[in-house]
Amino acid sequence: MADGGPLYDPRVTPARPDLAAKHLEGKVAAARFVEGELREIAAPQAPLRREPRLDVMLDTEALKGEHVMIYDANEEGWSWGQLVNDGHVGWLPTDALRPAGTEQTDTVSALRTFVFPGPSIKLMPVETLSFGCKLRIARIQAEFAVTADNGFVPLIHLGGAAYREKDFVAVAERFVGTPYLWGGKTSLGLDCSALVQLALTSAGMACPRDSDMQEQALGSPVAPDSGFSNLERGDLLFWPGHVAVARDDATLVHANAYHMAVAVEPIAEAVDRIRAAGIEISSVRRIEGLGQ
């Protein structure tokens, strides 16, 4: 930060001692400031890490079609930038990026789907895409949507330009059984806050990436009674470092390391188990107007 200036969360602030985004000039201290170049994720998903190495923690993943503003790149094949959707900052594999193109037309609405090299499901897929990936569809051919890259995707697995889920809790429930993966954001593996982010984003609501950010930004506070009988479908239950989604006043769904999967369980059991580890609920937040 600049002398006497405000503190900025490094997770969402594109600034390092040697380099920072041009729009932060005068707000943070850095040796130089750069404008950045807009890129998009070309791979099915790309890991975002705090350092340009494979042996450091996965912070999050970027999905195919997501935009990222790139401010730096090194000779080892890593690029440093900020995701446009949720503002997360970190290092991505350079070979997972391409120049940003025109607006994508469709979103993967199935948990996962395949991209085939031709109009037949008997062909060997060339890619596996997860829920939330965005594509440019050039034309429709029978039961396939054909991408601008000439990939063939089952039309039934896509939502169009106006795609929006009506019930974000139902979206979270679709992921039940998906393995838990710290930093993951796909139907092959994800963490608690990614489950919430994917579900809310699919319903048209912007959502931060990490649970502490979500607790600060989403909904309005609710004071649960001792039996949680006043909870409603879609309420978000927060603990330090964890978030779950209420399905009703008795059960919740969450990605968690206890089950090592996305699981449904009674609210009381989850609260008691987490309390036994010395962690209490920090808040419950209610999101209105998303058709839960």
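The values are calculated or read from the model by the stated rules, or taken from the named source; none is laboratory data. Only a predicted model underlies this, so the values are computations on that prediction, with no experimental measurement involved. Cβ sites come from the backbone with ideal geometry, for glycine too, and all protein chains shown count toward neighbours. Ligands, DNA and RNA are excluded from the accessible area calculation, which covers all protein heavy atoms including side chains. Shrake-Rupley method; radii C 1.70, N 1.55, O 1.52, S 1.80 Å.
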How many angstrom separate the Cα center of region 230-292 from the Cα center of region 93-166? 33
So for each of 118-128, 204-214, 101-111, 136-146 I average, over its residues, the number of other beta carbons within 10 Å; can you give me the resulting order with the highest mean first? 204-214, 101-111, 136-146, 118-128
Calculate, in whole percent, how much of the Cα-Cα pair population of region 189-292 lies beyond 18 Å. 41
Kirkwood hydrodynamic radius over Cα pairs of region 34-83, then Stokes diffusion coefficient at 20 °C and 1.002 mPa s, in µm²/s: 190
Average accessible area per residue (Å²) across region 47-154 - probe 1.4 Å, nucleic acids and ligands excluded: 47
Quick one: P(r) of region 77-175 from all Cα-Cα pairs, 5 Å bins, percents rounded to integers, in order of increasing distance. 3, 12, 19, 20, 18, 16, 10, 3, 0
Restricting things to alpha carbons, find the Rg to Rh ratio for region 75-117 using the Kirkwood radius for Rh. 1.03
Would you kindly state how much longer the chain becomes between TYR258 and ASP272 on full extension, computed as 0.36 nm times their sequence separation minus their alpha carbon distance, in nm to one decimal? 3.7 nm
Normalised contact order of the chain, rounded percent, pairs of Cα under 8 Å and 6 or more residues apart: 12
Label point at SER283 placed 7 Å out along Cα→Cβ; residues across region 203-235 whose backbone nitrogen lies under 12 Å: 212-223
Compute the accessible area per residue over region 175-241, keeping the other protein chains in place, probe 1.4 Å, unit Å². 36
Let me check the size of the chain from its C-alpha atoms; what are the radius of gyration and Dmax in Å? 20.2, 63
Rounded to a whole %, the carbon-and-sulfur portion of the accessible area of region 148-268 at a 1.4 Å probe is 58
So what is Rg over Rh here for region 10-97, counting just Cα atoms and using Kirkwood for Rh? 0.94
Sort 187-196, 79-88, 11-20 by the packing proxy (mean of other Cβ within 10 Å over each peptide's residues), most packed first. 187-196, 79-88, 11-20
Calculate, in whole percent, how much of the Cα-Cα pair population of region 115-273 lies beyond 21 Å. 51
At a 1.4 Å probe radius, carbon and sulfur cover how many percent of the accessible area of region 1-105? 53
To the nearest 0.05, how large is the calculated FRET efficiency for VAL34 and VAL56 if R₀ is 22 Å and r is the Cβ-Cβ distance? 0.40
The relative contact order of region 168-259, taking Cα pairs under 8 Å that sit 6 or more residues apart, comes to a percentage of 27
